[in-house]
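**Q** Before we start, here is the structure in question, set down as structure tokens.
The values are calculated or read from the model by the stated rules, or taken from the named source; none is laboratory data. Please read these numbers as outputs of a predicted model, since none were measured by experiment. Methodologically, a virtual Cβ is constructed for each residue, glycine included, from the backbone with ideal geometry; neighbour enumeration extends over all protein chains shown. The accessibility values were calculated without ligands, DNA or RNA, using every heavy atom of the protein model including side chains. Shrake-Rupley method; radii C 1.70, N 1.55, O 1.52, S 1.80 Å.
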Amino acid sequence: MLFLCVLLLVAAVVLYVVGRAQDSGGWKLGAAISAVAAVLSGIFACVHVVSAYEVGVPVTFGSVGEPLSSGVNLSSPFTDVTTFSTRPVDLNLDGRDRVEVRSSEGGVLYADVTVKWAVVPKDAVRLYQLAGSEEGVQERLVTPDSREIIRNVFAQHTSEEGYASAREQIGTEIADLIKKRLAPRGIDVTAVNLRNVRPSKKLQDQIDAKLQQEQATQRAEEAGRTAEAEAKRRRIEAKGIADANKILERSLSDKVLYNQCLEAFKEAAKSHPVYASPCGSGSGGSPVIVDGTKN
């Protein structure tokens, strides 16, 4: 805009000189129009409009001024204004940009993380000095610092904690550290989301092998417990049978056995009226004649 102003001013002078030399009203009119346009261009060169949800950083001959808020701002025509958006920006570390981390055991994992950040308007000058532009803020500050912190936090935890039991704790630690790192630089981190953690193929194979070994151990322990319970049951059963035999042996005398024998053959004599019952034991035992016709 300043260049256009100078160009129009030069044109106005040339047209005026030519018009005066030729005493032509047309040239003089052109000179007047060019002069007005030059003045208007100069005025517009001093006006800088900062859009809504943006903050401007003015630089005049290498000197950085105070931040410009949204709206119309007047400044020197030699001032160059760099704008930064104050809206939240999502930094997605996934896909090709996912973070490769190592656990305290050396296992490799891949983390997908989203960092939501925004420029603090009052600190726009500091960010301009550190990064130069809005794109530079993400490329030079947010991305490298976030990746470094993510790796450092995962390195303090085991692989199992990283992809399973301590994911929420790890996400909280990462968020706290990123906020503390970037806040002094004028970057407000509003949220950090640890969306996914996936083991590498080698680590996944190791996890599967460990799970299979644990399952095999559990099956062996269960089989051992079952065998032990069965052996205990059999010992109890055998002891019960032995105790019953001892009681029976003590309670069955020769006389009792003799009477039971007679009762049995009396019952049998109902179909065989008279026969000899071989009841009795020892040398004194003698057969007994049982008459089935008599009750």
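**Q** Karplus couplings for the range 100-111 from phi (6.51 cos²θ - 1.76 cosθ + 1.60, θ = phi - 60°), rounded to Hz, Gly and Pro as x?
**A** 8, 10, 10, 7, 5, 8, x, x, 9, 10, 10, 10
**Q** Taking the Cβ-Cβ separation of residue 226 and residue 165 as r and a Förster radius of 41 Å, what is the calculated FRET efficiency to the nearest 0.05?
**A** Efficiency at R0 = 41 Å is approximately 0.85.
**Q** Taking 0.36 nm per intervening residue step and subtracting the Cα-Cα distance, what contour gain separates residue 233 from residue 105 on full extension?
**A** In short, 41.5 nm is gained.
**Q** Cβ neighbours within 10 Å, averaged per peptide: list 164-170, 215-221, 56-62 in order, most packed at the top.
**A** Result, highest mean first: 56-62, 164-170, 215-221.
**Q** A further question on this structure: Could you please state how large a percent of the accessible area of the range 77-222 is carbon and sulfur, counting protein chains only and using a 1.4 Å probe?
**A** Working: 3650 of 8140 Å².
Exposed carbon and sulfur together represent 45 percent of the surface.
**Q** Students often forget the sequence filter, so: which aspartates and glutamates lie under 20 Å Cα-Cα from residue 210 once same-chain residues fewer than 8 apart are removed?
**A** Qualifying aspartates and glutamates at Cα under 20 Å: 105, 160, 161, 221, 222.
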